[in-house]
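*Asks:* This is the structure I have questions about; it appears just below.
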């Protein structure tokens, strides 16, 4: 069956009142899940999985998938407004999105996030429609050495983009790596830096760290300036992105879409990595990297597009190969298995109704989400008019609830508090938090892929030069490092 | 009608002595129900992430326990540290009041013996019901130099040319132990590529990044149906009914010790009142006699170990398996 015919079949399946309703319901739940810190798509899908037992396979999958990408839309909201990431893939949106909100441009940030999500989500489904099986076959060959080179490139981009003191930046990256090393070694299963504590053996929960670093730190640094009455220092300016915003955003959106789609596709990737890598990329290629972290709209447009495209990308290997690349897609696979359906390379041929129905629903769902999220922009932006003395207890409450609900582990609350205090101190000493968080996210993948590569290579590190894709990416890293040294010498 | 008889026969075969108890399971369960219990939802704790084999097992179980007991069941994933966090929670923090049931696997024993550092023991969790068993399967490629080879042939290559055959493994667990046995008995030497789980290894096999992967049937069934990967050997005592043409590892390598199986069962924290414990176990056993649930489990590619399907012998036989595992750790120097 060709793609157009397939898509028509899909729309035939999806355009029933029941399936449209489930798609809308999923979009709505997804948006809420994204908005609420702590409750991520994984938790929501796990919670709602039993409901899908009673639905048809198409209906169930349509709803679960729309929750997944719907969460990517909603996730930016609290990141921008309150500096608390709604879920892990929206952490980077705090960097510039919240700064924009402080400058009275929350509307523009929220608008660009929603539109970027829509553009990327739709582009992703279009690519999926025409190339899903072919792409999946290529992506699966992306192995540990390629993953390693990609992560190194991400870290080098992060270092390269550091504004201000390079030493401070390198320190933050190193601290990020060290923090990521806490817990059970991904390769030989031994405990590291746990001091015999069961809590530490699970590692440091990323969500607790970022909610502490951003949400709690934000409250601490704001309450010391009691004179201030609202978050917004300037007047709230236009609710919609301006022409200049558009001009600055369309390229990051497209780049974010491409990068995100790719990172969703490859094993081990997903929306979280995609958003971080997109931020690193945008800052790297920007003519004014110093604007990043101070309210650059590119820093919102790129990552918010990337995380949505990554969802479309990550659904492809599940449906066309039956192999999930990240926990959320593993759950989608689980949902299908419970329905008695085993996706694999034959899935599209055997169940065209299901495959194309899901694809078609993603077109519809993205339209629902845009229509759902754009009108909310105005409403959300008004939140910032709330006096800060009322707002900050709410921010703290959301931080606590969000952190706890992720794992239901009280220890995570202490982690959150600790990193809130650390963030406050680092903020005072003018350390940039972005490199720390990026290193924390990329480190486990970087370490695992490095050690896997070395384990699978009879010739040691030569494996990185034997594989063309890897060699290319590492050469790019070397060039960037050389440029960095030259720049450091000049100044 | 015919299929109903077949299903009835099937369930009778699978849980013979339990099914022999006559009468309506609901009425029997009601007789066992303690006074004032449960007054709220019962939590089924799963220590692995949502969507995996363990999680699907627990969620299916919850659905049928609710059907037979009428109690409200909530499945909760307490994850982290490859199960360590959830196991420690169940053994040391969960209240023994009957409102927490752990849906666990025998990986619990390895965690308790090798990683708990004396902070808790596997005996802190008392088994109340057996669910199913899922053996590790060696899976090979369908193209490239190892195409069409048997386990024996590949092991021979790994012996003749050590450190050339790449095998996906999960460190510190049965994925690695079976490799230890194969290497020790044959003199072969593999390149061990570490992954976080069996599924990730199967991905790497399909992508040509490893030569052998080890996983569960549900993880590779789709790829195997499409001819992208091929099952080579099953680490179970007997061939699986749905993989009749695949030899056991013992057949393939001429041994008797290549048995690495995920055994899934339900536990309660030590100290849970006896009446509640009995009721919770009976509720699960009632669900396990439901042919629909049995059919759902069979679809996922599991089997039922006759040594454990009898509730009367379940606890003792599980303990025997656990102690056999301890012996393996002692023999291989993992445990002093």
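The values are calculated or read from the model by the stated rules, or taken from the named source; none is laboratory data. Small disclaimer: the values here were computed from a predicted structure and weren't measured. Virtual Cβ from ideal backbone geometry, glycine too; neighbours counted across all protein chains shown.
*Asks:* Could you please find all residues in the range A:330-348 being within 8 Å of another protein chain (Cβ to nearest Cβ) and either part of a helix (DSSP H, G or I) or touching a strand residue (DSSP E or B) at 6+ places or on another chain (Cβ under 6 Å) (or both)?
*Replies:* Initially, the range A:330-348 is screened for residues within 8 Å of another protein chain (Cβ to nearest Cβ), giving A:330-335, A:337-338, A:340, A:342-347.
Within the range A:330-348, A:330, A:331, A:332, A:333, A:334, A:335, A:337, A:338, A:347 meet the criteria.
*Asks:* Another question, if that's okay. I'd like to verify a number: residues in the range A:387-426 that are free of Cβ contacts under 8 Å to residues at least 40 places away in the same chain, under 25 Å from residue A:47 (Cβ atoms) and surrounded by 14 or more Cβ atoms within 10 Å (Cβ to Cβ), how many?
*Replies:* Qualifying residue count, the range A:387-426: 1.
*Asks:* Right, next: Looking at residue B:235, is it within 14 Å of chain A (Cβ to nearest Cβ), under 28 Å from residue B:108 (Cα atoms), at pLDDT 90 or above and under 21 Å from the mean Cα position of the chain (by Cα)? Spell out the reasoning first.
*Replies:* Working: within 14 Å of chain A (Cβ to nearest Cβ): no; under 28 Å from residue B:108 (Cα atoms): yes; at pLDDT 90 or above: yes; under 21 Å from the mean Cα position of the chain (by Cα): yes.
Answer is no for this residue.
*Asks:* In this structure, is residue A:267 within 14 Å of chain B (Cβ to nearest Cβ) and in contact with a helix residue (DSSP H, G or I) (Cβ under 8 Å, 6 or more places away or on another chain)? Step through it out loud before you land on a result.
*Replies:* Numbers: within 14 Å of chain B (Cβ to nearest Cβ): yes; in contact with a helix residue (DSSP H, G or I) (Cβ under 8 Å, 6 or more places away or on another chain): yes.
Yes: the conditions hold for residue A:267.
*Asks:* Among the residues of the range A:182-192, is there at least one that is away from chain B (no Cβ under 11 Å) and over 24 Å from the mean Cα position of the chain (by Cα)?
*Replies:* Yes; the residues of the range A:182-192 include at least one that is away from chain B (no Cβ under 11 Å) and over 24 Å from the mean Cα position of the chain (by Cα).
*Asks:* Here is a list of conditions, (1) under 22 Å from residue A:334 (Cα atoms); (2) within 18 Å of the chain's Cα centre (by Cα); (3) more than 9 Å from chain A (Cβ to nearest Cβ), and residue B:229 meets all of them except one; can you say which number that is?
*Replies:* In the conditions (1) under 22 Å from residue A:334 (Cα atoms); (2) within 18 Å of the chain's Cα centre (by Cα); (3) more than 9 Å from chain A (Cβ to nearest Cβ), residue B:229 misses (2) alone.
*Asks:* Looking at the range A:63-70, can you tell me whether even one residue there is over 15 Å from residue A:308 (Cβ atoms) and more than 19 Å from the chain's Cα centre (by Cα)?
*Replies:* Going residue by residue through the range A:63-70, those that are over 15 Å from residue A:308 (Cβ atoms) are A:63-64.
Retained after the next criterion (residues that are more than 19 Å from the chain's Cα centre (by Cα)): A:63.
Within the range A:63-70, one or more residues are over 15 Å from residue A:308 (Cβ atoms) and more than 19 Å from the chain's Cα centre (by Cα).
*Asks:* Take the residues in the range B:61-74 that are buried (at least 21 other Cβ atoms within 10 Å of the Cβ) and within 21 Å of residue B:302 (Cα to Cα); name whichever of them is nearest to the other protein chains (Cβ to nearest Cβ).
*Replies:* Across the range B:61-74, the extreme among qualifying residues is B:62.
*Asks:* Sort out which residues of the range B:26-62 are in contact (Cβ under 8 Å) with a residue 60 or more places away in the chain and assigned to a helix (DSSP H, G or I), and write them in order of number.
*Replies:* B:26, B:28, B:29, B:32, B:53, B:54, B:56, B:57, B:60, B:61
*Asks:* Looking for something out of contact with any strand residue (DSSP E or B) (no Cβ under 6 Å at 6 or more places or on another chain) and facing chain A (nearest Cβ under 8 Å) - is there at least one such residue anywhere in the range B:178-193?
*Replies:* no
*Asks:* Consider only pairs whose beta carbons are under 6 Å apart and that are at least six residues apart or on different chains; among these, list those whose first residue lies in the range A:288-306 and is more than 13 Å from residue A:253 (Cα to Cα) and whose second residue is outside any helix (DSSP H, G or I).
*Replies:* So the pair list comes out as A:289/A:161; A:290/A:163; A:295/A:103.
*Asks:* If you check A:248, A:208, A:244, which single one turns out to be within 14 Å of chain B (Cβ to nearest Cβ), assigned to a helix (DSSP H, G or I) and at pLDDT 85 or above?
*Replies:* Working: A:248 fails: within 14 Å of chain B (Cβ to nearest Cβ); A:244 fails: within 14 Å of chain B (Cβ to nearest Cβ).
Within the list A:248, A:208, A:244, the selection yields A:208.
*Asks:* Tell me which residues, restricted to the range A:41-66, are at pLDDT 75 or above and not in a helix (DSSP H, G or I).
*Replies:* A:54, A:55, A:56
*Asks:* Then there is this: For residues that are in a helix (DSSP H, G or I) and surrounded by fewer than 21 Cβ atoms within 10 Å (Cβ to Cβ), tally how many sit in the range B:254-276. Reasoning before the result, please.
*Replies:* Step one: of the range B:254-276, the residues in a helix (DSSP H, G or I) are B:274-276.
Subsequent filtering for residues that are surrounded by fewer than 21 Cβ atoms within 10 Å (Cβ to Cβ) retains B:274-275.
Residues that pass the stated criteria total 2.
*Asks:* Step by step: first the residues of the range A:349-386, then only those that are within 14 Å of chain B (Cβ to nearest Cβ) and over 26 Å from the mean Cα position of the chain (by Cα), then the one that is surrounded by the fewest Cβ atoms within 10 Å (Cβ to Cβ). Which residue is that? Can you show your working first?
*Replies:* Just the residues of the range A:349-386 that are within 14 Å of chain B (Cβ to nearest Cβ), to begin with: A:349-351, A:354-355.
Subset that is over 26 Å from the mean Cα position of the chain (by Cα): A:349-351, A:354.
On the way: A:349: 11, A:350: 16, A:351: 18, A:354: 23.
Checking each candidate, the answer is A:349.
*Asks:* Just one of B:139, B:210 is under 25 Å from the mean Cα position of the chain (by Cα), surrounded by 24 or more Cβ atoms within 10 Å (Cβ to Cβ), in a strand (DSSP E or B) and touching a residue at least 12 places away in the same chain (Cβ under 8 Å); which is it?
*Replies:* Working: B:210 fails: in a strand (DSSP E or B).
Sole residue among the options that is under 25 Å from the mean Cα position of the chain (by Cα), surrounded by 24 or more Cβ atoms within 10 Å (Cβ to Cβ), in a strand (DSSP E or B) and touching a residue at least 12 places away in the same chain (Cβ under 8 Å): B:139.
*Asks:* In addition: Could you check residue B:104 against (1) within 11 Å of chain A (Cβ to nearest Cβ); (2) within 25 Å of residue A:328 (Cα to Cα); (3) touching a residue at least 40 places away in the same chain (Cβ under 8 Å); (4) within 16 Å of the chain's Cα centre (by Cα) and say which number it fails?
*Replies:* Status for residue B:104: all satisfied but (1).
*Asks:* Right, next: Right, residue A:278: within 21 Å of residue A:114 (Cα to Cα) and within 14 Å of chain B (Cβ to nearest Cβ) or not? Working first, answer last.
*Replies:* Details: within 21 Å of residue A:114 (Cα to Cα): yes; within 14 Å of chain B (Cβ to nearest Cβ): no.
It is false that residue A:278 is within 21 Å of residue A:114 (Cα to Cα) and within 14 Å of chain B (Cβ to nearest Cβ).
*Asks:* Sticking with this structure for a sec: Please find, among A:118, A:142, A:177, A:148, the residue that is more than 24 Å from residue A:294 (Cα to Cα) and surrounded by fewer than 20 Cβ atoms within 10 Å (Cβ to Cβ). Before you say what the answer is, go through the steps one by one.
*Replies:* Values: A:118 fails: surrounded by fewer than 20 Cβ atoms within 10 Å (Cβ to Cβ); A:142 fails: surrounded by fewer than 20 Cβ atoms within 10 Å (Cβ to Cβ); A:148 fails: surrounded by fewer than 20 Cβ atoms within 10 Å (Cβ to Cβ).
When all the criteria are applied, what remains is A:177.
*Asks:* Considering each of B:110, B:53 in turn, give the residue that is modelled with pLDDT of 90 or more, at the interface with chain A (Cβ under 10 Å from one of its Cβ atoms) and buried (at least 21 other Cβ atoms within 10 Å of the Cβ). Break it down into steps so the answer makes sense when it comes.
*Replies:* Values: B:53 fails: modelled with pLDDT of 90 or more.
None of the other options fit; the residue is B:110.
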